[in-house]
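Novice: Okay, handing you the structure first.
The values are calculated or read from the model by the stated rules, or taken from the named source; none is laboratory data. None of these values were measured; they are calculated from a predicted model. Backbone-built Cβ (ideal geometry, glycine too); neighbour counts: all protein chains shown. Ligands, DNA and RNA are excluded from the accessible area calculation, which covers all protein heavy atoms including side chains. Shrake-Rupley method; radii C 1.70, N 1.55, O 1.52, S 1.80 Å.
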Amino acid sequence: MIVSDIGSLVTTLRAAGCVFAEEEAALLAEAATSESDLKGLVAQRVSGVPLEHLLGWTEFRGLRVAVAPGVFVPRQRSGFLVELAIGDRHDPCVVLDMCCGCGALGLAVATELSATGIRVELSASDLEPAAVACARRNLAPLDAPVHQGDLFTPLPANLAGRVHLLLANTPYVPTAAIADMPPEARDHEPHTALDGGPDGLAVFRRVAAAAPHWLAPGGRLLVETSREQSALATTILAQQGLTPTIAKSEELYATVVIGTRAAAG
Ligand SMILES: C[S@@+](CC[C@H](N)C(=O)[O-])C[C@H]1O[C@@H](n2cnc3c(N)ncnc32)[C@H](O)[C@@H]1O
């Protein structure tokens with residue numbers, strides 16, 4: 001750790017609106033390679049660069065996950081989707097992390113299921129080259145392929161009808177609401193990761209329409225939405241022949257809609 005005047009760093013960060021200024025100061029000091037590097041990191045943080053992009057990692061469900069500039073920073077609330085997903089005890093379990101970003105959701109689900117002895121076959125996919133590169137780094141230890149392209153287009157045909165858990169944290173901010181987001185997200189995360197079209201559900205609709213083709217009988221599609229979007233999202237799932245449910249976590253302020261394909265027979 002670079003030993004600097006931590007007190008003045010904390011004051012600078014707090015004045016810039018960082019709520020967890022003490023913790024951030026300690027993490028930046030830990031990451032810096034010299035005093036001047038530390039100064040540079042603090043200046044970038046004050047200008048609004050997300051802490052996670054400066055550190056190059058974030059913690060998600062107890063895992064250290066690499067996150068690079070230009071890649072969506074996983075939110076703690078998405079841990080709720082992971083919790084719901086791992087309720088599935090299918091063995092072996094085929095997991096697809098669609099719109100994977102840095103791959104945090106797939107990584108957490110695969111790690112937590114594997115810890116219970118379940119054999120997991122994980123694949124991931126994203127449109128953005130920066131996200132795909134980051135996910136490849138995170139998922140390399142699991143030997144999980146990360147495909148690049150528009151939604152399901154780059155996936156191998158032999159995955160069709162075999163997916164037990166389809167995780168999809170699709171972009172769900174209505175286009176007009178992006179301007180009201182905190183500058184950290186609005187100015188430093190790619191809008192392809194945020195913009196869900198006029199009602200926030202444009203990408204979700206496309207995922208829901210394709211999901212029955214990729215899901216195994218009894219397989220589940222799990223998608224994070226806002227509270228306001230969840231009722232409409234369940235209607236969309238039902239229109240695709242999936243049985244919809246809504247799950248809410250007060251603790252994480254998270255909403256997940258689940259569409260289940262009918263079991264065989
Ligand atoms: C809200 S971020 C979620 C990332 C990651 N799942 C997470 O929770 O950290 C949405 C992701 O969807 C990707 N995306 C947007 N449109 C896409 C498309 N048409 N096909 C594939 N990925 C897309 C973005 O690049 C971004 O990484």
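Novice: Within region 133-178, track down each residue that is within 12 Å of the ligand (Cβ to nearest atom), of a type in the set (A, V, I, L, M, F, W, C) and touching a Ser or Thr at 6+ places or on another chain (Cβ under 8 Å).
Specialist: Val146, Leu151, Phe152, Leu155
Novice: How about region 162-179: which of its residues are touching a strand residue (DSSP E or B) at 6+ places or on another chain (Cβ under 6 Å) and either loosely packed, with under 15 Cβ neighbours inside 10 Å or basic (Lys, Arg) (or both)?
Specialist: Listed by number, the list holds a single entry, Arg162.
Novice: Next question. Give, as residue ranges, the strands (runs of 3 or more DSSP E) completely inside region 39-148 that count at least 1 residues that are modelled with pLDDT of 95 or more, under 27 Å from Ser249 (Cα atoms) and acidic (Asp, Glu).
Specialist: Working: elements: 57-60, 63-66, 93-98, 120-126, 146-148.
The strands (runs of 3 or more DSSP E) meeting that bar are 57-60, 93-98, 120-126.
Novice: Still on this model: Going by what's in this entry, would Arg186 be described as at pLDDT 95 or above, more than 10 Å from the ligand (Cβ to nearest atom) and of a type in the set (D, E, K, R)?
Specialist: On the way: at pLDDT 95 or above: no; more than 10 Å from the ligand (Cβ to nearest atom): yes; of a type in the set (D, E, K, R): yes.
Judged against the criteria, Arg186 is not a match.
Novice: Let me ask another. Applying the selection to region 68-85, what residues are open to solvent by 10 Å² or more (accessible area, probe 1.4 Å) and more than 10 Å from the ligand (Cβ to nearest atom)?
Specialist: Ala68, Pro69, Gln76, Phe80, Glu83, Leu84
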